[in-house]
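None of the figures in this text is laboratory data; all of them are computed from the coordinates on show. Because the structure is predicted, anything quoted here is derived from the model rather than measured. Glycine also receives a Cβ, built like all others from the backbone with ideal geometry; neighbour counts cover every protein chain displayed.
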Amino acid sequence: MLEFEDDFDLEDDDSKSEDPQVPEEYYSGAFVKDVEQFAREEMDRFFSKEELFCGGAIPKDMLNSQEYVTMVLNTDISHGVDAAYKVMQSESDVAVVNKILEKLSKSGVPKEFAGGILLIYLELVKGVDVDV
């Protein structure tokens, strides 16, 4: 039978090693920052040639707000499309959503980000009030 010298508390929130040799990027907090940065880069790339529905370039600080980044990271394609269809007014608007999804696909946006970026596009570029 195996014997263990120490029990590990898996509920302990302080999971950082005391070892100064372990770099900071090995911790999950760094991973979250990396994913958030990747989402921001994809948002910037996708919206780089788009304009606000009222005219003018989309300000980076608006696009990269924590609210929008959180939306991109937490809205999968299924929930994004459902939310988009709920705020659209007519059947012809379904074609608009489909065209946006096609544009997202062709531009290489990761499908994990497409639902949130779809909703941001409707809000900023099409002027649709999206309240998710």
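Both numbers refer to the Cα atoms of segment 58-132; Rg and Dmax are 11.5, 33 Å. Dividing the mean sequence gap of close Cα pairs (under 8 Å, 6+ apart) by how many residues segment 58-132 holds gives a relative contact order of 42 percent. Can you check what the net charge comes to around Ser105, using other residues whose Cβ is under 11 Å from the Cβ of Ser105 (Lys, Arg +1; Asp, Glu -1)? Once all neighbours under 11 Å are counted, the net charge is +3. For the residue pairs Lys49/Lys86; Lys49/Lys106; Lys33/Lys126, the alpha carbons lie more than 25 Å apart in Lys49/Lys86; Lys33/Lys126.
Modelled spin-label separation between Asn98 and Lys49, with each label point placed 7 Å from Cα along the Cα-to-Cβ direction: 2.3 nm. Toward the positive end of the charge dipole of segment 58-132, with +1 on the Cβ of Lys and Arg and -1 on the Cβ of Asp and Glu, the farthest Cα among Gly108, Ile120, Val87 is that of Gly108.
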